[in-house]
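A.B. asks: Quick one: structure below, then a few questions.
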Amino acid sequence: MQCFDWFVKEQGEEEKNADDLIKKYKLFGHDPKGLYALNQELLGRVYTAPSLVL
């Protein structure tokens, strides 16, 4: 059951990340400087391994 709870929590985080990215893209979508800034922000992300702790 704990694994399922972890999966649901992780899925919620990924959906929020995708929604945030879509909103930013819509905001900057046609501006090359905005797209560059968005790209730089995405390049700065650091991978953190998921934990099974809820």
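Read-outs: derived from the displayed coordinates by stated rules, not from any lab. Please read these numbers as outputs of a predicted model, since none were measured by experiment. All Cβ positions, even for glycine, are placed from backbone atoms using ideal geometry, and neighbour counts span all protein chains on display.
A.B. asks: As I understand it, the value is the acute angle between the Cα axis of helix 32-43 and the longest principal axis of the Cα atoms of the chain; what does it come to in degrees, rounded to 10?
C.D. replies: Long axis of 32-43 versus the principal axis of the chain: about 30 degrees.
A.B. asks: While we're here: Gain in length, L43 to L27, computed as 0.36 nm per residue apart minus the alpha-carbon separation, to one decimal in nm?
C.D. replies: Details: separation 16, 0.36 × 16 = 5.76 nm, distance 1.85 nm.
Working it through step by step, the gained length comes to 3.9 nm.
A.B. asks: Also: Could you tell me which trypsin sites (Lys or Arg not before Pro) in the chain are loop residues by DSSP with no more than 10 other beta carbons within 10 angstrom of their beta carbon?
C.D. replies: Values: sites: K9, K16, K23, K24, K26, K33, R45; in loops: R45.
Loop-located and lightly packed - R45.
A.B. asks: Further, regarding this structure: Note the listed values (1) 11.8, 35; (2) 14.8, 46; (3) 13.9, 42, then indicate which one is Rg and Dmax of the Cα atoms in Å calculated from this particular structure.
C.D. replies: Answer label, from the structure shown: (2).
A.B. asks: Same structure again: All other residues with a Cβ under 15 Å from the Cβ of K16 taken together, and with Lys, Arg as +1 and Asp, Glu as -1, what is their net charge?
C.D. replies: Numbers: positive: K9, K23, K24, R45; negative: E10, E13, E14, E15, D19, D20.
For residues surrounding K16, the net value is -2.
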